[in-house]
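Structure first, commentary second.
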Amino acid sequence: MNKSRADIRRAVHSRIRKKVSGTAERPRLAIFRSVNHIYAQIIDDASGKTLVSAATTEKDFNGSGGNIDAAAKIGRAVAERALAAGISNVVFDRGGYV
């Protein structure tokens, strides 16, 4: 049976999530990339809460959504918000992407 690329990525993501978990001291930075947008959120898996997030779909974001420049802007935005929230150390969850 042929699996689609999305099915394969979901399987890779589930394998990664078995190994990567965020705590209150070191939350998980999860990245999701769609065709048009990039989303980043910092998650405390112990309490199941999103602590900080940034996305290209926000109203104050200027630029196009899914390119390298947008990814750099979202990275800067989530880092600034994390530092403002007192988060200086995260574990990276690449979400099955390279």
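Check cross-link reach from K18 to the lysines: straight Cα distance under 30 Å, and skip same-chain residues fewer than eight apart.
Counting by Cα, and skipping residues close in sequence, K18 has these lysines nearby: K3, K49, K73.
How large is the direction-averaged shadow of the alpha-carbon convex hull of the stretch 26-71, in nm²?
Reported value for the Cα convex hull: 3.5 nm².
In the chain, what percent of the accessible surface is made up of carbon and sulfur (1.4 Å probe, ligands and nucleic acids excluded)?
About 53 percent, which is the carbon plus sulfur part of the accessible surface.
Taking the Cα centre of the chain as the origin, how large is its charge dipole in debye, to the nearest 20, when only Lys and Arg (+1) and Asp and Glu (-1) carry charge on their Cβ atoms?
Dipole about the Cα centre, nearest 20: 500 debye.
Considering only protein heavy atoms, what per residue accessible area in square angstrom results for the chain with a 1.4 angstrom probe?
That works out to 69 Å² for each residue.
The values are calculated or read from the model by the stated rules, or taken from the named source; none is laboratory data. Note that the coordinates shown come from a computational prediction; the quantities given were computed from them, not determined experimentally. All Cβ positions, glycine included, derive from the backbone under ideal geometry; neighbour counts span all protein chains shown. These area figures cover heavy atoms from the full protein model, side chains too; ligands, DNA and RNA do not enter into them. Shrake-Rupley method; radii C 1.70, N 1.55, O 1.52, S 1.80 Å.
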